[in-house]
Amino acid sequence: MKSFIEKALPFAAMVMVECGEVGMITLGKAAMNSGLSNLVYVVYYNALGTVLLLPNFVIHNCSSPTLAAALGNLIPAFTFLFAIIFSVIGAVIIAVGVYTVLWGQSTEQKLTRDDVSRLEAPTENTHLLQK
C-alpha cells in the first residue's frame, strides 16, 4: 500500500497544480476583463504560485518534468470540467432561489386569502346590519 501512495503522490500533486493553474487562468481572464493591468496580473500570478508551490516542492520533491509536461496538456480538459461543475452549481443555486421565492409568494397569497375570507365571513356572534 505504501508503494502505491508513493507512486500516486507525484500524480496527485500535479493534478492539484493543474487545478490551481486552471483556476488562476480563469480568475486572471475575469480580472483582465474588469480592467486589471497585464503587468500587475503577471506579478500577482507568479507571487501566488511561488507561495503555494514552494512548500509542495520542499516537502515532496518527487515530481518529474515529464509528468508536468504531460499534465500541462490537460489544462483545456480541467477548464472544461470546472466550467461544467460551476455552471451546474450556479444553476442549482438559481433554481433553489427561484423556488424559494415562489414558495414564499404562494404562502403569502394563501395567508392573505385566509385572512380576507375570515374577515368577510360572518360568524354566529357577528351582528349584521340590516336595512
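Derivation of every value follows stated rules applied to the coordinates shown; laboratory data play no part. Keep in mind that what you see is a predicted model, and the values were worked out from it rather than measured. Quick reminder, even Gly has a Cβ in these numbers, built from the backbone with ideal geometry, and neighbours come from all protein chains shown.
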Task: Order by protection proxy (mean Cβ within 10 Å, highest first), peptides 41-54, 18-31 - done: 18-31, 41-54
- [ ] Measure off 7 Å from each Cα along the Cα-to-Cβ vector at MET32 and ILE84, then give the distance between these two points in nanometres to one decimal.
- [x] 2.6 nm
- [ ] Quote to one decimal, in nm, the extra length available between GLN109 and LEU53 on full extension: 0.36 nm per residue of separation minus the C-alpha distance between them.
- [x] 14.6 nm
- [ ] Kindly write out, for the range 22-27 in residue order, the coupling ³J(HN,Hα) from the Karplus curve 6.51 cos²θ - 1.76 cosθ + 1.60 (θ = phi - 60°), rounded to whole Hz, with x marking Gly and Pro.
- [x] 5, x, 5, 5, 5, 5
Task: Gain upon complete extension [VAL42, VAL101; 0.36 nm per residue less C-alpha separation] - done: 17.0 nm
Task: Extension gain (nm, one decimal) between MET16 and ALA91, 0.36 nm per residue minus Cα-Cα - done: 24.4 nm
